[in-house]
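Below you'll find the structure, written out as structure tokens, and then a few comments.
A short reminder: the numbers here are calculations on the coordinates, not readings from a lab. Keep in mind it's a predicted model, so treat the numbers as computed, not measured. Positions of Cβ are backbone-derived with ideal geometry, glycine not excepted, and every protein chain shown enters the neighbour counts.
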């Protein structure tokens, strides 16, 4: 990343602004032999500044030239610029609301209505989403503060909001809790952070041998359901269908699961694909099945699906790859539900991308609940910038998490979801 930033400065000049950075995998064949690269998006103001007037000769009227900033200072400047903008935005919001409240009180005093409700601003009447937005800005500022300076800033609005709604969860989390700050930075909602902290407080006292990650992992294991490794049945195969929106990586996830249990654990596995709509989907899975030596069947009707399952009834596991469907396309979702609704005992796993925002994750889950979701698989962990959205969804909807996928390589980039792994991702992301 440091090399990429230097290249940007060299290409666009010292005034270049870093807009975004992203780690990607590129090249390779079918997910194999790919390499990681950094993609940096930068921009420069197209308006050309006027040339400065000629500098005067050295003397009393010419200031001493400033020391040229080092690359490290340039990087630090680019890192702290967003924090400065966030502080400014927060302060402006608080000042605006405070002015509205003061104007309302002044108007009431002029009318001789000391006990009347202010005509301007009252915290109890402020929309909840506005209070949540202000609180989120404040918590993020506290979390990102490197020198503790933000803690010294006193905003009366924060205490007034807590007093106005003491049971609403809008009062601030403990500022002296390193874990609270890191959970906020990870994007976990306030009410769930309180549940996490309360649960952590019920754990046996730390004797000094436990790390923060260990205690967080133990806490998450009490609040989130982790499915663990699949257990085989004696007289019939476990049949698992992967469903989800388009582009979340269901086909490669299906191949990874087949490889995990067939190649790594020695189980007898078969593949079935229903994805006959996406160009190249069948050929992609055929290539994987041929490399792994696993049988593959194509099913375009419910009857063909039944025959394919019967054909491989002696297997331990049968994985079914379905076509990606938009959560907004109710007709296509109902069509696929009818496809899977038959006498075959199918477990439905919902594949979700870790890069999806909280609100959209909730919308997707609500639409896909028609399939009676058994477990959840989170994909694209390697592309996500934060993991609080996963915690929010799993805890709020009481879901069971089965696997994480961490890249495009087959079969390497998949692992059984554990509380220790989730805690590691949250704390590592906060540290970075």
Highest mean first, what order results for 382-389, 230-237 on Cβ atoms within 10 Å?
382-389, 230-237
In segment 228-416 the DSSP beta bridges are antiparallel at a rate, in percent to nearest 5, of 10 percent
In Å and whole numbers, how far do the C-alpha atoms of segment 228-416 stretch along each principal axis, longest first?
41, 36, 34
Could you rank the peptides 222-228, 414-420, 251-257, 349-355 by their average count of other C-beta atoms within 10 Å per residue, with the highest value first?
251-257, 349-355, 414-420, 222-228
Protection proxy ranking of 185-191, 259-265 - average other beta-carbon atoms within 10 Å, highest first:
185-191, 259-265
Expected unfolding gain across residue 276-residue 264 under the 0.36 nm per residue rule, minus the alpha-carbon gap, is 1.5 nm
Stretch residue 372-residue 235 to full length: gain in nm at 0.36 nm per residue minus the Cα-Cα span?
46.9 nm
How many angstrom lie between the C-alpha centres of segment 312-335 and segment 181-251?
25 Å
